[in-house]
Each structure stands twice: as C-alpha cells, then as structure tokens.
Amino acid sequence: MMRLSISHLFLAGLVSISTVGADPRPSHAAPGTKRIDICHGYGCAFRSRLDLGPGDAKRFASILAAGRSSPKAERAAIAQAVAYFEKRAQQVTGVRDAPQSKFGASKIKGQMDCVDESTNTDALLRYLGGRGLLRHHKVEAKTSRGFLLDGRYPHWTAVVRAPDGVKWVVDSWYAPMGGAPDIIPLSDWKQRGVLESGALN
C-alpha cells in the first residue's frame with residue numbers, strides 16, 4: 001500500500017505532462033519494425049524508443065493466438081502480451097519499474113506513474129489492433145478516475161471494448177514491470193482508488 005497526501009500528489013505531478021527527454025538514437029525505425037515511444041519518469045518526462053521487429057511480431061501473434069476462442073480468452077492473452085511488452089520496454093529504459101508510484105521517483109528514468117503506464121499500454125494495444133491480432137476487442141480512448149475532492153487520487157488506464165459493448169480496463173500500474181495487468185470491467189475500476197486513512201485501495 002502507498003501512503004498519500006494531497007500535497008504529495010501535487011508534488012509528484014501524477015497528472016502533469018513534463019518536458020520530454022530526448023532519445024539520442026536515430027529517429028527513424030529500421031525496415032520491418034514498428035517504433036513505439038516508451039514513456040517513463042512520470043508524466044512522460046522521458047521517452048525511449050522501442051523498435052518492435054519481426055521477432056516481436058511473431059511473439060505477439062503467438063500470444064494472441066491463444067485468445068481466439070472467446071473475449072475472455074483474448075483478455076487473458078492481452079495480459080500476457082502486456083507482460084512481454086513491458087519486459088521489452090525494460091530493455092530500452094535500462095531500469096525495472098517498481099509497482100505503483102513512489103513519490104520520490106518522479107523524474108527518475110525508468111520509473112513510471114499511471115500516465116506513463118497507461119500511455120505505453122495504449123500504444124501496445126493499438127499496435128496489436130493494427131496488426132489484426134485483436135479479434136474480440138476494440139481499443140478505446142484512455143480514461144481516468146478520481147479528482148482528489150472525491151477522496152480518490154487521479155489515475156489513468158488503457159481501455160478495450162468487448163463485442164457486447166462492455167469496456168474493460170487494462171491497468172498495468174499495480175503490478176511489477178513484466179507482471180500481469182489488472183483487466184476488469186471499467187464500471188468496477190471506476191469504483192476503486194479510494195483513499196482510506198491515507199492508504200490507496
């Protein structure tokens with residue numbers, strides 16, 4: 001659990017977008033690769049370029065193939081895809097992100113808040129969708145919950161929509177880097193994040 005206060009929230013800059021750190025590597029991706037900018041440092045303070053090549057494409061195709069049978073199976077496959085993606089992201093940031101946000105880690109390369117996590121997960125989901133690997137879900141716009149005055153801190157997540165219209169969050173903030181994200185109905189997720197005695201629920 002993480003101890004929070006309103007003053008800490010503002011100091012951490014969980015919902016602010018900071019100056020983007022430049023990646024010194026070439027700005028163009030090699031043929032046959034898809035470049036994704038990995039956000040880290042809180043509020044996308046830094047961006048590191050991750051080039052997903054043919055080997056990555058095959059790995060994602062294999063992972064998502066296990067989810068073809070149903071929306072439920074595909075959500076389980078999405079969780080595995082996020083875990084693999086985060087391990088690849090660690091290779092370019094050079095640091096393993098700790099689970100949840102530590103306020104002292106703001107502007108530290110490799111550490112991620114919910115803005116970083118949701119942006120990276122959304123980019124992955126759009127990559128998977130663009131390759132036709134998501135058969136049962138459509139990628140929706142990111143969403144947030146909480147605004148301090150309601151007793152919850154601001155928190156962002158990526159979202160997918162199932163064929164029945166139900167929206168599901170893919171929230172990778174709670175787990176260690178490379179761990180399985182929370183994939184739960186958006187309606188349930190919206191009720192979480194309550195601050196009780198300074199602790200995050």
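The values are calculated or read from the model by the stated rules, or taken from the named source; none is laboratory data. Worth saying up front: this structure is predicted, and the values here are computed from it rather than measured. Glycine gets a Cβ as well: all are built from the backbone with ideal geometry, and neighbour counts include every protein chain shown.
Across region 120-154, the number of residues qualifying as in a helix (DSSP H, G or I) and of a type in the set (S, T, N, Q) comes to 2. With respect to V115, determine if the residue is outside any helix (DSSP H, G or I) and of a type in the set (V, I, T). It is false that V115 is outside any helix (DSSP H, G or I) and of a type in the set (V, I, T). Can you find even one residue in region 22-36 that is buried (at least 20 other Cβ atoms within 10 Å of the Cβ) and at pLDDT 95 or above? Yes, some residue in region 22-36 is buried (at least 20 other Cβ atoms within 10 Å of the Cβ) and at pLDDT 95 or above. Looking only at region 30-47, which residues are free of Cβ contacts under 8 Å to residues at least 60 places away in the same chain and closer than 28 Å to H155 by Cα? Within region 30-47, R35, R47 qualify. Apart from one condition, V95 fits all of (1) assigned to a loop (DSSP other than H, G, I, E, B); (2) hydrophobic (A, V, I, L, M, F, W, C); (3) touching a helix residue (DSSP H, G or I) at 6+ places or on another chain (Cβ under 9 Å); the exception is (3).
Being surrounded by 18 or more Cβ atoms within 10 Å (Cβ to Cβ) and out of contact with any Pro (no Cβ under 9 Å at 6 or more places or on another chain) is the filter here; which residues of region 57-79 pass it? If the condition is that a residue be surrounded by 18 or more Cβ atoms within 10 Å (Cβ to Cβ) and out of contact with any Pro (no Cβ under 9 Å at 6 or more places or on another chain), then F60, I63, L64, G67, E74, R75, A77 are the ones that fit.
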